[in-house]
Every structure is written in C-alpha cells, then in structure tokens.
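This report concerns only the one structure given below.
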Amino acid sequence: MQKRGSVKTVAAETGAQLIGLSELALYESNVGSHRISRWIWLVPSLSPVIMLAALAGWGLCSFGSVRVGFRVLSGERVIVHPMVATVEVPPSELETETMFRVYNLTGVPLRLTGAESHCTCFAPQGLPKTIPPGETYTFHVVVRSKGRGIRIDDALTLFTDHRGTQSLRLRVRGPASW
C-alpha cells in the first residue's frame, strides 16, 4: 500500500517515470506537456564535488590543513607540515625562526631524535622530543642569515625512532633580498 500524496503515488497516478533516489522530486512526466527538468544532469555531476568539499572540510577541521588531511587519507602516519617553509630574515636582524608541525598518528609514542643539515644556518630547537600517540608537536628551527644577497634553499632532515619513517626531509627557503 502506498501512502496518498507521496512522490511514488503521484508518479504512479500521473504515469511519471522515476529516475533515481537523488532525483525523486525531479521526474519526467509522460502526461501533459512532457516537461523534463533542465537541472536533472546537475545532481549526479555534483556528487564528486560535494565529496571533495566534505573531505577538504574534514582535513581543515581535524588538522588545520587540507593537505595534511589528504596525506592522512593516503596512509601517512608521521607527517610534517609544511614540507617547505619560506623565511625572510629582516635586514635589522641576523636570524629568524620558522616552525614545522609534526603529527604522530601512529599508535605508539614517536621520538624525534635529532636533525641534520648541510647548512650551518639552521639551529633546530627542542630535540630530542617524544610525541605521544595522536598528538602534535611544533618543532622550531632558528634560521641565521647567510649574508646580504645570498638566498637560502637548503634541506633539513629530521630523524625519528619510527620503523616506517626513520627520517623526514624538510626544506627551508628564503629570498636573497636581505
């Protein structure tokens, strides 16, 4: 028994053909003027857009970054964000500081054991450090000026005790304008 006034009942009484669950209200009528909704094509094409927007929103709300959210979905469990930090040492200063966020999404404590760089202009702060499971640690790096007109573009390797991620490569860049 169908309830009187439901979409299926109206469709059955008017001879309409239902197209799909997402378009229950938009149906093609075989009676009268044979009206076809102009917007019927829009519903299936919006599904991927809505899904991507929902995933991006989840990443932004959960981690403060859409990129980190997508990296989590791809299976990474030890994540550093950003992978590349851009710094600028003011002319009146000799050094500045930049930050990297380390996410420990493993089920065990993660130990940051140290950092290494070929450039003597980096001074990592607060290592060694143990990050509990599911926690985040903000890792600070002091960047010293190489001199006027010399651009910074060097790698920094962060070492961990995690079997799957023994080292994390970061990059620090800065303009040559100071």
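Just a few scattered comments:
- Meets criteria (closer than 28 Å to PHE70 by Cβ and in contact (Cβ under 8 Å) with a residue 40 or more places away in the chain) for LEU127: no
- From the list PHE100, PHE139, the lone residue that is modelled with pLDDT under 90, under 19 Å from SER65 (Cα atoms) and of a type outside the set (Ser, Thr, Tyr) is PHE139.
- Qualifying residue in the stretch 141-152 (condition: within 25 Å of the chain's Cα centre (by Cα) and over 13 Å from GLU95 (Cα atoms)): no
- Hits in the stretch 69-105 (condition: in contact with a helix residue (DSSP H, G or I) (Cβ under 6 Å, 6 or more places away or on another chain) and touching a residue at least 24 places away in the same chain (Cβ under 8 Å)): ILE79
The values are calculated or read from the model by the stated rules, or taken from the named source; none is laboratory data. Note that the coordinates shown come from a computational prediction; the quantities given were computed from them, not determined experimentally. Reconstructed Cβ throughout: ideal geometry from the backbone, glycine too, with neighbour counts over all protein chains shown.
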